[in-house]
Amino acid sequence: MRSNLFLNFMKALIPFWNIIIFCYVWVLYYNEHTFSSFWQQGLAVSILLYALVYYAFGKLYHAFRIHSCRISELMLSQFLAVGMSDLILYLMCYMMHMRFAGLVPGLVAAAVQLAGTLVLLALNKSCFAKYTPVQRTVIVYGAKRAHREGNIETSVDDLVRKLRAKHAGLFDIQAVCPDTCKKTELIGMLRDFDTVILCHVSQKLRSEILAACAADGRNVYITPKLEDIILTNYEYRYLIDTPLLVSGARRGEYRGKRVLDVGISLLLLVLFSPLMLLTAVSIRLEDRGPIFYRQRRVTRNGREFDILKFRSMIVDAEKQGYKPAGLRDSRITRTGRVIRAVRLDETPQLLNILKGDMSIVGPRPERVEHVRKYTEKLPEFSYRLRVRGGLTGYAQIYGKYNTSAEDKLKMDLMYIEKQSLLLDLQMILLTVKVMFLPESTEGF
């Protein structure tokens, strides 16, 4: 109990530090000019607004997940949260005063905020490692026939590898197959663990394990099935005295999505136009080849279109047939390595969005041959075609370039079942962070 209080106190120091530094600089350089008639009231409003904006962006970018993120990722999240908050308050100062205030105090404050945050994050990580016991974790995985794609043992090994890579020292992991022991023995064995992860187990066994874990108050994680995700948008109906679930799935996109797509794509084209021009010149100068790369993709209702990208590989990269880009693929040009790392190769797709082939947020449009292949293995893959393909989406933000087709499909269905204007705005803001995370473009 005391250790939890201490860890929560350490976590609270980070937002406290950032808000205090903001208050100090705001009082000295900005508040009196902004609220000359209502100095004290203006200060209170400014502090409250900054705290709310900083907390909102911090939650959005997972800036406070000390236990589950690396320091480098946390610092990027804090940089975005602090930067967005400072910028919004600076713009408020300009609008109230109708002229730009000095930038130097604000920049110095941001630098001090981030330097202090780095020190506090290092202390938090150290305290967390010292005072948090390792979670004894068991992965219960089903038989081979329960898995839709590939070998189940390979899938479990991949899950263990990802957990250990992302959360080293947090989990002490074991894996067990129900086929190797009796059900009563398996249920009894779960009491020796703090956390249970269910991976592709049968519905009957899943229900029994969930009931046992609920009785013991044990943490349970589940790798969802495709039908689980589709059911999230079903609604309860009480037509009779037996509860019913009725399909609430959308047949297409929400109203206003096209307006958002056109507005955001025009704004991004204006903002990125200098970088797009520089990229085009660099590609042309490097090997005198074409600037753009066109590829046949599938969008809403199965319609095919040509997706646009800046060419990041040599001219004859697909002479021997299509092959996914590897981690150190020799076909990628020098310019290509740079623009792929920061996703600039995708910016010409803003023209596809204006044309109506794509949306800003949605499932990534797949190649024609991939759609046929994936649909044969996973018939639910066709559900993705209820909406336009997107420039960014769940799979791009929470997955990687080499995430399996089934896991990408699950993420895409999560978006389709939840899509809304607010969610699209969140996805756009989260994409800013993902552009700076190198593992999101990890190759095959």
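The values are calculated or read from the model by the stated rules, or taken from the named source; none is laboratory data. Treat the numbers as computed from the prediction; the structure is a model and nothing was measured. Cβ atoms come from the backbone with ideal geometry, glycine included; neighbour counts cover every protein chain shown. To get the accessible areas, we keep the full protein, side chains included, count just its heavy atoms, and leave off ligands, DNA and RNA. Shrake-Rupley method; radii C 1.70, N 1.55, O 1.52, S 1.80 Å.
A quick yes/no check of all residues on (1) open to solvent by 70 Å² or more (accessible area, probe 1.4 Å); (2) among the aliphatic types (A, V, I, L, M); (3) more than 30 Å from Tyr374 (Cβ to Cβ):
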{"residue": "Met276", "(1), (2), (3)": "no, yes, yes"}
{"residue": "Thr279", "(1), (2), (3)": "no, no, yes"}
{"residue": "Ile283", "(1), (2), (3)": "no, yes, yes"}
{"residue": "Glu286", "(1), (2), (3)": "no, no, yes"}
{"residue": "Arg300", "(1), (2), (3)": "yes, no, no"}
{"residue": "Ser312", "(1), (2), (3)": "no, no, no"}
{"residue": "Lys319", "(1), (2), (3)": "yes, no, no"}
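Return the only residue of Ile222, Ile314 being without any contact (Cβ under 8 Å) to a residue 40 or more places away in the chain, closer than 30 Å to Val138 by Cβ and in contact with a Lys or Arg (Cβ under 8 Å, 6 or more places away or on another chain).
Sole residue among the options that is without any contact (Cβ under 8 Å) to a residue 40 or more places away in the chain, closer than 30 Å to Val138 by Cβ and in contact with a Lys or Arg (Cβ under 8 Å, 6 or more places away or on another chain): Ile222.
So which of Gly399, Gly390, Gly336 is under 15 Å from the mean Cα position of the chain (by Cα) and at pLDDT 85 or above? Before the answer, list the steps.
Working: Gly399 fails: at pLDDT 85 or above; Gly336 fails: under 15 Å from the mean Cα position of the chain (by Cα).
The conditions single out Gly390.
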Worksheet, complete the sentence: Arg367 vs (1) of a type in the set (Lys, Arg); (2) over 30 Å from Asp287 (Cβ atoms); (3) under 24 Å from the mean Cα position of the chain (by Cα): all pass except (2)
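Can you pull out the helices (runs of 4 or more DSSP H) entirely within the stretch 368-432 that have at least 1 residues that are closer than 17 Å to Tyr254 by Cα and in contact with a Gly (Cβ under 8 Å, 6 or more places away or on another chain)? Even if it seems obvious, please write down each step before you answer.
On the way: elements: 368-377, 394-398, 405-418.
In the stretch 368-432, the matching helices (runs of 4 or more DSSP H) lie at 405-418.
Report whether or not Ser85 is more than 21 Å from Val25 (Cβ to Cβ), surrounded by 14 or more Cβ atoms within 10 Å (Cβ to Cβ) and hydroxyl-bearing (Ser, Thr, Tyr). Break it down stepwise before answering.
Details: more than 21 Å from Val25 (Cβ to Cβ): no; surrounded by 14 or more Cβ atoms within 10 Å (Cβ to Cβ): yes; hydroxyl-bearing (Ser, Thr, Tyr): yes.
So Ser85 does not fit the description; no.
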Practice prompt. Output the number of residues of the stretch 271-304 satisfying the condition of being among the charged types (D, E, K, R), touching a residue at least 40 places away in the same chain (Cβ under 8 Å) and over 24 Å from Gly389 (Cβ atoms).
Written response: 2
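Check whether at least one residue in the stretch 205-214 is surrounded by 14 or more Cβ atoms within 10 Å (Cβ to Cβ), β-branched (Val, Ile, Thr) and under 30 Å from Glu346 (Cα atoms), and report yes or no.
Checking the stretch 205-214: not a single residue is surrounded by 14 or more Cβ atoms within 10 Å (Cβ to Cβ), β-branched (Val, Ile, Thr) and under 30 Å from Glu346 (Cα atoms).
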Worksheet entry | Candidates Arg343, Arg337, filtered to the one that is out of contact with any Asp or Glu (no Cβ under 8 Å at 6 or more places or on another chain), without any contact (Cβ under 8 Å) to a residue 40 or more places away in the chain and of a type in the set (D, E, K, R) | Arg337
